[in-house]
Each structure stands twice: as C-alpha cells, then as structure tokens.
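Student: Questions regarding the structure given below will be posed in turn.
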Amino acid sequence: MTREELRAHVLAALGGIAPEADLAGLRGSVALRDQLDLDSMDFLNFLVAVHQRTGVEIPEADYGKLATLDQLVAYLARKTGTP
C-alpha cells in the first residue's frame, strides 16, 4: 500500500465518523480531534475504522502518538512497511 492509499483510508474512516467535515481542508500537522471536534469515543471509533480498512492493529498505548493526520499516516506506513 502506498502512503497515498493509506491517507485515503484514513480520510475515508474519518468521513464515516464525521461526515459533515471538510476533509480536503484538513491540515496534516494539527490534531485531528481539534480540527474535527471529535470526542474520545469518536476518536476510538475512528481508529477502529482505520484498523478495519488497513488491517493494522493499533494498540491503545500508541493512541497518543496518532494525534495528527501526518502522524497517523507515518505510523501506518511504518507498520505496513511502506516506504
């Protein structure tokens, strides 16, 4: 999977959690919860959806490392061996 495909999976998962959000306007370096006003349950559901779309297990201990879109895509790339 390429980084672009990983990003597309992340954005699709976000669209399922926050369908009214302007996903094209997301800034990669700003916390997703702040940009989209996600509560903790929304964020958890989002990470579950990312797992379902990518097959990448995301342990709870890593949640704090995945605040931004850029961090999440980089994390998924590392876990899938994507350059």
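Student: If you go through segment 19-29, how many residues are closer than 17 Å to L72 by Cα, more than 12 Å from the chain's Cα centre (by Cα) and among the hydrophobic types (A, V, I, L, M, F, W, C)?
Tutor: So the count comes out to 1.
Student: I'd like the full set of residues that are surrounded by 10 or more Cβ atoms within 10 Å (Cβ to Cβ) and either of a type in the set (V, I, T) or more than 21 Å from E4 (Cα to Cα) (or both), limited to segment 15-24.
Tutor: I17 - this is the single residue of segment 15-24 that is surrounded by 10 or more Cβ atoms within 10 Å (Cβ to Cβ) and either of a type in the set (V, I, T) or more than 21 Å from E4 (Cα to Cα) (or both).
Student: OK, next. What are the residues in segment 25-83 that are among the aromatic types (F, W, Y) and buried (at least 17 other Cβ atoms within 10 Å of the Cβ), if any?
Tutor: Listed by number, the residues that qualify are F43, F46, Y75.
Only the coordinates and a few stated rules stand behind these numbers; no lab work does. These numbers were taken from a predicted model, which means no experiment stands behind them. As a convention, Cβ positions derive from the backbone with ideal geometry for all residues, glycine included, and neighbour counts pool all protein chains shown.
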